[in-house]
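This report concerns only the one structure given below.
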Amino acid sequence: QLQLVESGGGLVQPGGSLRLSCAASGFTLDYYAVGWFRQAPGKEREGVSCISGTGGAIHYADSVKGRFTISRDNAKNTVTLQMNSLKPEDTAIYYCAAASFLTTVQKMCGSVLGDYWGQGTQVTVSS
């Protein structure tokens, strides 16, 4: 049973922080690039941040650069997205995805690529 499960979403005020976690079960994330994506109502899914299997390459969307930080702990089979200085436009359902194919983190985020997807977690930033 292969699963990716996101957690940590919720309701926060503008300027607040949230930490999202993506946990894998049934397979190891060691060989997978992992990305965080988000989808707001009426909009297409977009890449937020992607990280290579080793953590040596990282990509951030311009809209979150300097505010969000992605990290991974392969020993715990977990990828984390720390979100600071949240804005109302960050409101969306956030998904994590794992990709086993060879690609760049820029392409993974830019083209919304993933082999396995989580169920999503809601992030709402009130205004």
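Among what's in the range 1-17 and is of a type outside the set (Ser, Thr, Tyr) and part of a strand (DSSP E or B), pick the residue that is modelled with the lowest pLDDT.
Top of the filtered list is Gln3.
Considering only strands (runs of 3 or more DSSP E) fully contained in the range 18-75, which possess at least 2 residues that are without any contact (Cβ under 8 Å) to a residue 40 or more places away in the chain? Don't jump to the end; show me each part of the working.
Values: elements: 18-25, 33-39, 46-51, 58-60, 68-73.
Where strands (runs of 3 or more DSSP E) fall fully within the range 18-75 and carry at least 2 residues being without any contact (Cβ under 8 Å) to a residue 40 or more places away in the chain, they are 68-73.
Taking the range 76-98 on its own, how many of its residues are in a loop (DSSP other than H, G, I, E, B), touching a residue at least 60 places away in the same chain (Cβ under 8 Å) and either more than 15 Å from Gly9 (Cβ to Cβ) or not hydrophobic (A, V, I, L, M, F, W, C) (or both)? Walk me through it before giving the result.
Filtering the range 76-98 for residues in a loop (DSSP other than H, G, I, E, B) gives 77, 84-87, 91.
Checking which are touching a residue at least 60 places away in the same chain (Cβ under 8 Å) leaves us with 84-87.
Then drop every residue that is not either more than 15 Å from Gly9 (Cβ to Cβ) or not hydrophobic (A, V, I, L, M, F, W, C) (or both), which leaves 84-85, 87.
The total comes to 3.
Collect the residues in the range 110-127 that are part of a strand (DSSP E or B), of a type outside the set (A, V, I, L, M) and more than 18 Å from Tyr32 (Cα to Cα), keeping them in residue-number order.
Matches in the range 110-127: Thr121, Gln122, Thr124.
Name, by its number, the condition in (1) open to solvent by less than 30 Å² (accessible area, probe 1.4 Å); (2) in contact with a Pro (Cβ under 7 Å, 6 or more places away or on another chain) that does not hold for Met83.
Against the list (1) open to solvent by less than 30 Å² (accessible area, probe 1.4 Å); (2) in contact with a Pro (Cβ under 7 Å, 6 or more places away or on another chain), Met83 comes up short only on (2).
Here's a check for you: in the range 17-32, which residue that is of a type in the set (Gly, Ala, Ser) and open to solvent by 20 Å² or more (accessible area, probe 1.4 Å) is farthest from Gly118 (Cα to Cα)? Break it down stepwise before answering.
Going through the range 17-32, the residues of a type in the set (Gly, Ala, Ser) turn out to be 17, 21, 23-26.
Next, only the ones that are open to solvent by 20 Å² or more (accessible area, probe 1.4 Å) stay: 17, 21, 23, 25-26.
On the way: Ser17: 21, Ser21: 11, Ala23: 9, Ser25: 11, Gly26: 13 Å.
Residue satisfying both the conditions and the ranking: Ser17.
Can you say whether Thr103 is among the polar types (S, T, N, Q), at pLDDT below 95 and open to solvent by 20 Å² or more (accessible area, probe 1.4 Å), as far as the supplied structure shows? Quick ask: steps written out before the conclusion?
Values: among the polar types (S, T, N, Q): yes; at pLDDT below 95: yes; open to solvent by 20 Å² or more (accessible area, probe 1.4 Å): yes.
Yes: the conditions hold for Thr103.
If we scan the range 46-68, do we find a residue that is touching a Leu at 6+ places or on another chain (Cβ under 7 Å), surrounded by 18 or more Cβ atoms within 10 Å (Cβ to Cβ) and within 13 Å of Leu4 (Cβ to Cβ)?
So far as the range 46-68 goes, no, none of its residues is touching a Leu at 6+ places or on another chain (Cβ under 7 Å), surrounded by 18 or more Cβ atoms within 10 Å (Cβ to Cβ) and within 13 Å of Leu4 (Cβ to Cβ).
The values are calculated or read from the model by the stated rules, or taken from the named source; none is laboratory data. All of these numbers come straight from a predicted model, not from anything done at the bench. Here the Cβ is made from the backbone with ideal geometry for all residues, glycine too, and neighbour counts use every protein chain on show. Ligands, DNA and RNA are stripped out before the accessible areas are found, and what is left, the full protein with its side chains, is counted by its heavy atoms. Shrake-Rupley method; radii C 1.70, N 1.55, O 1.52, S 1.80 Å.
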